[in-house]
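Derivation of every value follows stated rules applied to the coordinates shown; laboratory data play no part. Computed from a predicted model, the values in this text were never measured in an experiment. Note: ideal-geometry Cβ built from the backbone for every residue, glycine included; neighbour counts use all protein chains shown.
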Amino acid sequence: MPIPYDALKRRAAANRQRRCSTPGCTNHRNWTYSRCRACVQKVRRNGTATAQYTHDSKIQPYREHAGTILDQFAETPQVEAALTAMELFLTEPETFAAQAGASNLRTQRFPRNTWSVVGHHVRRVVADGLTAREAVDRIAGVWLYSHAHPRSLPDDAALTHVLAETIFNSRPYRKRIIRGKTAKGYTTKPKRPGRPALFSLGTALRAKFGVFLSGLAKHVDIRHRQQWELGEAMRKPLDDPDAESSP
């Protein structure tokens, strides 16, 4: 049952006297939210009030690196399983997202049309040419970026938000023409997905591909460690008795 408007006004009047719930923020709360207006906008854009906005140009090098690794191990069962799961997701997004994220979303109160919104935007990017391989490269690039820059994505909520955003923003939002009373009408952009759709899709992607992406990040760490050991070995002088002599 919806809350009466007078009750909302009384709650908002009392809420404006309280401080924002974000640590370190001294602003007053906005309307009936537990945060101020600025922190509410940060949560809608970045997933959390403490995360920084992650531009796609920052993730692009890590996406290319992930694509190189996936090309190297293209015939392994791990990569084939990830591509198969992604194809299922792009074909049946509502079913995939609901099943993959059901256990983690039981405590969340989201609108009933959340999965329909997820399916609508996934079908939009698929119709514009998004493939399973590109989708895997995108989420792998976000995961490697988060692994290398933990301060930019400081918590799970921010990572979940960016994982979903990299799928939805893989293709530009089309402009649509709404016909009015005049012959010309006017042009507007379709409504972008809100936090429920982003959080639901990101949770489903983490539940399904989290183990695979963690293994990919571990492989990158091993390669970096091997390169560091080779560099340390080359820094030793040739007459060092501790240096291993070649046959």
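Quick notes
- Highest-first arrangement of 113-124, 199-210, where packing means the average Cβ count within 10 Å: 199-210, 113-124
- Using a Förster distance of 41 Å, the FRET efficiency for HIS149-ASP6 (Cβ separation, nearest 0.05): 0.30
- Given R0 = 30 Å, the distance between the Cβ atoms of THR68 and ARG235 translates into a calculated FRET efficiency of 0.65.
- The loop-placed chymotrypsin sites (Phe, Trp or Tyr not before Pro) in the range 1-81, going by DSSP, that have at most 16 neighbouring Cβ atoms within 10 Å of their Cβ come out as TRP31, TYR33, TYR53, PHE73.
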